[in-house]
1. Roll a 1.4 Å probe over the protein chains and send me the accessible area per residue for region 83-160 in Å².
2. Mind grabbing the accessible area of Tyr134 for me, 1.4 Å probe, Å², rounded to tens?
3. Which order do the peptides 107-114, 82-89 come out in when sorted by mean C-beta neighbours inside 10 angstrom, highest first?
Amino acid sequence: MHTAGTDPGYIPGLTSPRPADAEEEAPEETAERPPQEVDAEKADAEEEVDAAENAEAEEDAEAESEEGDDAEDAEDEDGGVAFDVSDRRGAITAGRTGIAFRLDDQEAEFGWDEIGAVEIDTPRFGKRFSVTVYTTNRRWYEADVEASARSLLKEWTAQLDAVLDAYFEGNADDA
């Protein structure tokens, strides 16, 4: 017996709705079929799921190889160190002019002269690579990119560290 005192969501006279796909005949249909047909259907369904998972794994491998192309520790046109990673929605770029974030159709660019600090965050679990830029006017901006494989996070961190070292040390020498 449910009462409002024990179940605050209980309203007398209301019953929970049934799912649209559930039909009362479904249990009877499985009961009428021989167990061999039911087992064959389950095996077919499992094979379809395995095939779908294999297709997803192949797509992930292709995306990883493409994403490996997107993650660059290359030189700029002027010989400076550059860093560029992206996923389906966003991108993080660091180079001679500064750091740029892109999310869908929005973009933010920060020159090295306005950047006070940069923080890199990789979660203990998951595949999200986060970069936070702290500007000299006491504001901060964050961008995230999702890696196709967890092993890319360490590579990206090392590559971005190399870029930050090159440009922050270069700016410190200029000052």
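1. Accessible surface, normalised per residue, equals 59 Å².
2. Roll a 1.4 Å probe over it and Tyr134 shows about 80 Å².
3. In descending order of packing, they fall as 82-89, 107-114.
The values are calculated or read from the model by the stated rules, or taken from the named source; none is laboratory data. Just so you know, these numbers come straight off a predicted model, no measurement behind them. Cβ coordinates were reconstructed from backbone atoms using ideal geometry, including for glycine residues, and neighbour counts include every protein chain displayed. The protein model used for the area step is the full one, side chains on, heavy atoms only, and it has no ligands, DNA or RNA in it. Shrake-Rupley method; radii C 1.70, N 1.55, O 1.52, S 1.80 Å.
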